[in-house]
Each structure stands twice: as structure tokens, then as C-alpha cells.
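Take a look at the structure set out below.
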Amino acid sequence: MKKLGKIKILAISAVAAVALAGSIVLAQTAGSGQQGRRGGWGAEGQMEGGRRHGGLFRGIDLTADQKTRLQQIGQSFDERTKPLRDQLAAKRQELRAASEGGTFNEALATQKLQEMAGLQAKLMGEEFKNRQEMLSILTPEQKTQLEQKRAEFKNKRGDRDERREQ
């Protein structure tokens, strides 16, 4: 009788662990994987929220030539990273498919997540290069303006975070 109770407890624990892991994977990959975030990817792979193609420099006085150059850099980035973004979207879809149908294959999910991590790391590297290229077209005065805007933003964010904690 005692042994049957242990088996039931183990079975319930295993089912609960699988259900928890499955819900975590689904929560992380629901939709486009970008829900609940400010910004996020729009329909055409364009970043929403004004941080793409020079939106980072909002409030900085740019020449027409600099604005054109920022657009060119952004378009080049989009073309260069489209294969990576497409591969990530496919991996997200494969991950969703791995957890559909009421079963959860943890090994397959882990494999897909590891594949996605490598692609995301490559994309982050490209984003860093893109940002550095965009910053390289600024004059020293514009870089100073940008640093001031960044400091103002951090102060505003810090004040907002403090109010939330109270």
C-alpha cells in the first residue's frame, strides 16, 4: 500500500514538471516571441517604437546626408540579417510544433532552443556592428548630444523605477 502511494506521488510530480516546462516554453514562444515588449518587430521586419533606421538619434540635429546614410545603413542591415531573422522565425515555429498535440518533447525543445541561441547571438553581433556603423557618422558634438540624451533617459527611467518600488 505504501509503495502505491509513492508511485502516485512520483507520477503526479512527473506530470506537473512536464506541464510546467511545457507552459514555460509556450509562454516564451507565443506569437512572434516579441509580445509584451516595447518596440518589437512589425509586419515587414521593421522595428516598431522608433529605434530603427536612425530613430536612436531622435532629437539629435542630423544633416540630410547623415539621415540618408542612416537609411542606407539600416537597409543594408535588414538585407544582411534577413536570413538570420528568417531562420529564427523557423526555429520558433519548430519549437511551437514540438509542444503541440498535448505532448512535450523536452529533448527536441532543448535542441531547438540551443539552435536559436546561436542564431540570436549572431544577430546580436550584427546589431552591435550596425550600431557602431551608425555612431561612426556622428560628429563629436552630436555624440555629446547623444550621451546627454542617454543620461536624461536613464534618469527618467530611474525615477520611474523608484516610483514603482514604493
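Each value in this text was obtained by applying a stated rule to the coordinates, not by laboratory testing. Everything quoted here is computed from the prediction, not taken from an experiment. Using ideal geometry, Cβ is built from the backbone for each residue, glycine included, and neighbour counts are taken over all protein chains shown.
Key figures for this structure:
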item	result
Cβ-derived FRET efficiency at R0 25 Å, Gln114 paired with Asp86, nearest 0.05	0.85
Rh (Kirkwood; distinct C-alpha pairs) - the range 63-161, Å	16.7
Of Lys91/Lys143; Lys91/Lys149; Lys91/Lys154; Lys122/Lys143; Lys82/Lys143; Lys82/Lys156, those spanning more than 32 Å from alpha-carbon to alpha-carbon	Lys91/Lys143; Lys91/Lys149; Lys91/Lys154; Lys82/Lys156
Label point distance in nm, Arg164-Glu141, each placed 7 Å from Cα along Cα→Cβ	3.7
